[in-house]
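Worksheet for the structure shown next.
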Amino acid sequence: MGGETNSRMSLSNTYTKLAAGPVGKQIHSIYADRLRQFTSDGQYREQGLLPKIYEGRASGSDHVKLSVYSPPDLSRPTFKEATSKKFSPTKVGESFGPSWSTHWFRIQLTVPSELQDKDHLEFHWDANNEGMIWTESGDVVHGLTGGGERTEWILPKEYRDGKEHVFYVEMACNGMFGNAPGGDSIQPPNPNRYFQLHTADIVAINLEARALYVDFWIIGDASREFPQDSWEAHEAQQVCNSIVDCFISGNGSKQSILDCRKIARKYLGDNVDTSKVYDNDNEAIVSGIGHCHIDTCWLWPWAETKRKVARSWSNQCDLMDRYPELRFCASQAQQYKWLEMYYPSVFDRVKDKVKKGTFQPVGGSWVEHDTNMPSGESLVRQFLYGQRFFESHFGQRCTTFWLPDTFGYSTQLPQICRLAGMKRFFTQKLSWNNINNFPHTTFNWVSLDGSQVICHMAPSETYTAEAHFGDVKRSVTQHKSLDQDHTSLLVFGKGDGGGGPTFQHIEKLRRCRGISDKIGLLPRVKMGESVEDFFDRLEKKVEEGTEYVTWYGELYFELHRGTYTTQANNKRNNRNSEIMLRDIEFLATLASVKDTVKGTKSSYRYPKKDIDDMWEAVLLCQFHDCLPGSSIEMCYDDSDELYAQVFETGEKLLSDAMSELGFDKNPMLESKLVAVNTLPWARTEVTKLPAMASTPHYGLANGEMGIMEVRPLASAHSAATASIKEIKKGIYQLSNSQYRVEVSDGVITSLYDIAAKREVIPKGKKANQLVKPLYWQAWDVEVYHLDSRQELHSSKTSITEHGPHRVSVQVETKISSESWVKTTISLSAAVGSQPSYVEMASEVEWRENMKFLKVEFPVDIINQEASYETQFGIVKRPTHYNTTWDMAKFEVCCHKWADLSEAGYGVSILNDSKYGFATCGNLMRLSLLRAPKAPDAHADMGRHHIRYAILPHAGPLSSATVRTAFAFNNPLKVASHPSPSTVSPLLSSIRISGAPNLIIDTIKRGEDDEDVSRGELPKRKGRSVVCRVYDAMGGKSRGVLEWGVLPVKKVTKCNVLEDDEDEVQIASDGKGAEVEIRAFEVATFRLQL
């Protein structure tokens, strides 16, 4: 054909002419099974690698002499207290308990001569529970997990001198996940669990054998997890089998182990024994970040968390010394504070590592809190207290909000994050959704007001990755934003119960990087960079033109919906403490600046320390397993005690501030009876009066913010009265000038709006109907729970108040043989055009098992969306099940109100302590109580008091609902004052006019004012009042922030950390300043006096 040549090819003479014999194709599955046998603990253990890791062992009293002190009554003494006590001899094989007890062991250790020259010596301790190693001088050096996990402590070189050395082990009688029986971690803890000490040994380790174990582990993973049609997977299996052959032929000798490691390098590369494996310019797209998620409480109490922090973080400091590439991040300022208080030497080590950049505080919040139920101001304070702690102790604020494990994310978080100096957000919890698969990994999350943060959700779908080969692989294969960016965070380390990264995690990642560089196919992981480095690159891509996708509104978690309701008493305490703190700050602020108006000096000082202590307690109780109700009973014993301290302190602070403002300690006949209104708008309400001689039961309170006049109700006109009558047997009609309410068989069968000429309850339907469906444990309620809906029927209805100012009927309902409800349905006299509502006050004795109590309100309203109050705004959710995304929201979170409205009319449901709600079509349901039996077997058992109300309204949803709900949750305080006119101008000084949708939510003193500061951060000269304002309805508005008699010199808009930003012009009269607020914006203003 042309082009041929006659040149002869050179033939290799090494390829033999005759076949040496048959060679079969490897049967893949058999050779794969062989790999497991090499490192298994089964019948072939002694022929495999594991025994070669341990070169020698010494135990018994000649080498490890043990004595113990067991503190009484589950107490947790300090090191100094414990080591001063008498220790008694003990030995391996003894058991210690019961659950939650502490036992201190004195270890007198002598290394035998035959082990003194070994390369690497460790002390191994295992009683299947957690523990902590202390030096004889009282420093924490290591944490122990138990049960085969983190049981080793590297012995110091000086221990090899043949002499006796003393150290201590503090044993905690709980596992990493508490004391649940039978291995089911969510069951209530076993109170009588005992732990047997089975290991207390000096162990010599062959580090090359241990390294080969990790080599083989990761190459074996490659053989199993790479695509089975890839050469890389087949090559990995061949390398592993070659290692096994080499080991067997060398009889497992030290030399054979070294030879096996040489074979492993063919697949791993040459640098996997050091951090140099990362020292090349190859692009790495997976950033490994060490992390230790420690639930501040969950299956263990706060007291144990304090030890978990010391155990976990001391280990990380040790690992950083051994592995220079490790970067470890930890959130929750509360945990840092506990470490500083109880383990100062560990805190000093952490502080040193923070300075070096290897230990990285993240998150910016006080704890990793729930974001559904805390008030808007509580979310602000999480960041205010968290960021101030990090700045004052480490000289830096956090820029990434870190919240991997909470049960949904409020729509206003991006805005509050930006106001707190954070523009990045990390989580992963939505990977747990049980209906829809969340579609993004890296995206812009946009708040109600339009503020945004860059959000990254680890595609490995865990915040406790084991640093497996598969975790690295999934960091790309499960990445959902590859069109915009292909990088990801791999957050690894033991978590929930603490622990953090282990040396095995770091060794595995070195080998994963080696495979990526030597073989390819596996995403390249890198270590040595921070969370901030990762987000910096994401931001840089934005600067270069990358447009990340956006997600507007809440990140609704499609699981754990029962947490809106479980542990009702805890949730009531949360709401009440938030309201109390608001009132204290308002009254204490004005009391502390009274002299600027009156000109008279006072010894009263703004009680900053007490307020800080209260806030820190409330913020702690908002931890994402405490407030949602998913912790064990011990946690709620703790929170009850802490809330009791909050309320005791709060009552004293309120009393002190009221006294400073001239109010009598107790109402007195010779003084004028007034109502104290802490809300920043006028109110007119029928209010109950204190029991005093010659005073009626009710009065009419009327006035602006501050002091309101209280006078008798004018009963001559029907507009100022309420009436009740039994119109048929068992049917009661309650009436005022706005509504006629009919109660039949204990439920509301008619609610007629007189002015609107409109019936609110659809014909044949029943409002205030209690229902009792079934459901699961503390976290969850499923979409089918109402399939078992059971209506509860009343047994007795009777009139309890006859008016003229308020009328009531009491309905008694039997739930079961042990449970009942007494609900008082009341209607107060309507006053002018002020909105009135039908109020229900329920006393419930609740002794159920796996039940759910709800109350239903069918209303004659049609809308495809319902509105719910959220922090600083409104979230709208579907009332239909068109799509799975709609259906997933069958139970949602609301705050003080939920509303279903048409263009011309609507109905709001108010509550004083509830968070779970559902609107399906025109049926509104408020969730009241649950009865889970795990992890707290007694959750919600006992007596409850619940208030809720039906508020019909003409027109669509408006600020009237917002204000009425505030008032419903902030009852007027009736007091007496000898001369109310002298203090009234001060108490009514701060308000906003011109836009009823603008709400002053907080009035407080400046954090660093020179007369307030506690010295954590530099003081500011002078005194200032800080006001937080938000738009409640979703529209840009202008209003005038007024300060009345206060001598304000300057107004500055600031962020929630109270950094001054833009100056605001003061009006010509010097009494106010015009402010413009975006839709749903949260704006903070400093009034400098």
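For this structure, a couple of remarks:
- Taking a Cβ cut-off of under 14 Å around ASP517, the surrounding Lys, Arg, Asp and Glu residues balance to a net charge of +4, with basic ones at +1 and acidic ones at -1.
- Listed residue (ALA934, VAL859, ASN849) projecting farthest to the positive dipole end of the range 827-949, Cβ model: ALA934
- Once the Kirkwood radius over Cα pairs is known for the range 1-152, the Stokes-Einstein relation at 10 °C and 1.306 mPa s delivers a diffusion coefficient of 74 µm²/s.
- For the range 489-572, GluC sites (Glu not before Pro) meeting the loop criterion (DSSP other than H, G, I, E, B) and having at most 16 other Cβ atoms within 10 Å: GLU544, GLU547.
- Each Lys and Arg adds +1 at its Cβ and each Asp and Glu adds -1 at its Cβ; summed about the Cα centre, the range 901-957 shows a dipole of about 180 debye.
- Projected area, mean over directions - the range 396-460, Cα convex hull, nm²: 4.7 nm²
- Distance cut-off 22 Å, percentage of C-alpha pairs in the range 546-663 lying past it: 49 percent
- For the range 851-906, the Kirkwood hydrodynamic radius from C-alpha pairs, put into Stokes-Einstein at 25 °C and a viscosity of 0.890 mPa s, yields a diffusion coefficient of 196 µm² per second.
- Protection proxy ranking of 730-737, 123-130, by the mean of other Cβ atoms within 10 Å over each peptide's residues and highest first, is 123-130, 730-737.
- Alpha carbon convex hull of the range 726-820, projected area averaged over orientations, nm²: 8.7 nm²
- Helix axis angle, 531-543 relative to the chain longest principal axis, alpha carbon, degrees: 70 degrees
- When the Cα positions of ALA1032, ALA888, GLY364 are compared along the charge dipole of the chain, ALA1032 comes out farthest toward the positive end, with charges on each C-beta of Lys, Arg, Asp and Glu.
- Seen against the Cα atoms of the chain and their longest principal axis, helix 376-394 is set at about 50 degrees.
- Axis angle, to the nearest 10 degrees, between helix 254-268 and the longest C-alpha principal axis of the chain: 60 degrees.
- The protection proxy used here, the mean number of other Cβ atoms lying within 10 Å of each residue, ranks peptides 451-461, 280-290, 813-823, 78-88 as follows, highest first: 451-461, 280-290, 813-823, 78-88.
- Rounded to the nearest 20 debye, dipole of the chain from Cβ charges on Lys, Arg, Asp, Glu: 1240 debye
- The count of lysine pairs in the range 325-476 with alpha-carbon distances below 26 Å, taking only pairs 8 or more places apart or on different chains, stands at 10.
- Centre separation in Å (Cα based) which lies between the range 949-963 and the range 37-79: 67 Å
- Neighbour net charge for CYS455 - beta-carbon separation under 13 angstrom, K R +1, D E -1: +2
- The order of the peptides 565-577, 943-955 by mean Cβ neighbours within 10 Å, most packed first, is 565-577, 943-955.
- The alpha-carbon atoms of the range 52-120, seen along their principal axes, cover 43, 24, 19 angstrom, with the largest extent given first.
- Under 19 Å of direct C-alpha separation, and excluding same-chain neighbours fewer than eight residues apart, LYS1021 reaches these aspartates and glutamates: ASP595, GLU1007, ASP1008, ASP1009, GLU1010, ASP1011, GLU1058, ASP1059, ASP1060, GLU1061, ASP1062, GLU1063.
- Ignoring lysines fewer than eight residues from LYS652 along the same chain, the ones with Cα atoms less than 20 angstrom from its Cα are LYS594, LYS608, LYS609, LYS665, LYS973, LYS1004.
- Taking label points 7 Å from Cα along the Cα-to-Cβ direction, ILE754 and LYS609 give a separation of 5.7 nm.
- Percentage of interatomic Cα-Cα distances in the range 831-973 larger than 23 Å: 38 percent
- FRET efficiency estimate (nearest 0.05) - Cβ-Cβ, SER602 to GLU633, R0 35 angstrom: 0.15
- Cα-based equivalent ellipsoid of the range 768-885: semi-axis lengths in Å, sorted from largest, via gyration tensor: 29, 25, 12
- Remark: the LYS480-ALA19 segment gains 160.7 nm on full extension, using 0.36 nm per residue and subtracting the alpha carbon distance.
- Note on HIS120 and ILE435: the model spin-label points, each 7 Å out from Cα along the C-beta direction, lie 5.1 nm apart.
- The base-10 log of I(q)/I(0) for the chain, evaluated at q = 0.05, 0.09 Å⁻¹, reads -0.39, -1.11 [Debye formula, identical scatterers on Cα atoms, solvent excluded].
- The ellipsoid equivalent to the alpha-carbon distribution of the range 146-252 has semi-axes of 38, 27, 11 angstrom, derived from the gyration tensor eigenvalues as √(5λ) and listed largest first.
- Total lysine pairs under 21 Å (Cα atoms) in the range 481-542, excluding pairs fewer than 8 apart on one chain: 7
- Two-decimal Rg to Rh for the range 645-705 - Kirkwood Rh, Cα set: 0.99
- Whole-number D in µm²/s for the range 292-373 (Stokes-Einstein; Kirkwood sum over Cα pairs; 10 °C, 1.306 mPa s): 121 µm²/s
- Over 22 Å between alpha carbons, listed pairs LYS914/LYS1053; LYS17/LYS266; LYS766/LYS796; LYS854/LYS914; LYS91/LYS157; LYS729/LYS822: LYS914/LYS1053; LYS17/LYS266; LYS91/LYS157
- Net charge of neighbours whose Cβ lies under 12 Å from the Cβ of GLU801, counting Lys and Arg as +1 and Asp and Glu as -1: +1
- Straight-distance crosslink candidates among aspartates and glutamates, where the alpha carbon sits under 14 Å from LYS262 and sequence neighbours closer than 8 are dropped: GLU208, ASP215, ASP245, ASP270, ASP273
None of the figures in this text is laboratory data; all of them are computed from the coordinates on show. As the structure is a computational prediction, the values presented were derived from the model and not from experiment. Glycine also receives a Cβ, built like all others from the backbone with ideal geometry; neighbour counts cover every protein chain displayed.
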